[in-house]
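Undergrad: Pasting a structure below so you can have a look.
Laboratory data are not the source of any read-out in this text; all were calculated from the coordinates shown. In this text, all values refer to a predicted model and were calculated from it rather than measured experimentally. All Cβ positions, glycine included, derive from the backbone under ideal geometry; neighbour counts span all protein chains shown.
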């Protein structure tokens, strides 16, 4: 991720030990690790949400194209999108079907 070598990490570690002292250094390391982990999780969540929204937009556009063609003689890509949307619609309606 970052281009930090062993010697740079060693210098940072020695400076942190001198500035914070041996009592507070473990807590500072834990705090830093938790912060980095939180930022990473947030970035992953954001990335997944953007990918999901792009996929939804793509399916919506493919459905518009399919409707314009009257749902006949569709390209394989459009057929796949329409089938995927039909399956999604069925899965949403399934809990509401009478038993």
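Undergrad: Can you go through 54, 59, 74 and tell me which one is more than 22 Å from the chain's Cα centre (by Cα), farther than 30 Å from residue 12 by Cβ and without any contact (Cβ under 8 Å) to a residue 60 or more places away in the chain?
TA: 74
Undergrad: Identify all residues within segment 30-78 that are part of a helix (DSSP H, G or I) and touching a helix residue (DSSP H, G or I) at 6+ places or on another chain (Cβ under 8 Å); write none if there are none.
TA: 58, 59, 62, 63, 65, 66, 77, 78, listed by residue number.
Undergrad: Let me ask something additional. Please go through segment 25-80 and pick out each residue that is surrounded by 10 or more Cβ atoms within 10 Å (Cβ to Cβ) and on the phi > 0 side of the Ramachandran plot.
TA: 71 - this is the single residue of segment 25-80 that is surrounded by 10 or more Cβ atoms within 10 Å (Cβ to Cβ) and on the phi > 0 side of the Ramachandran plot.
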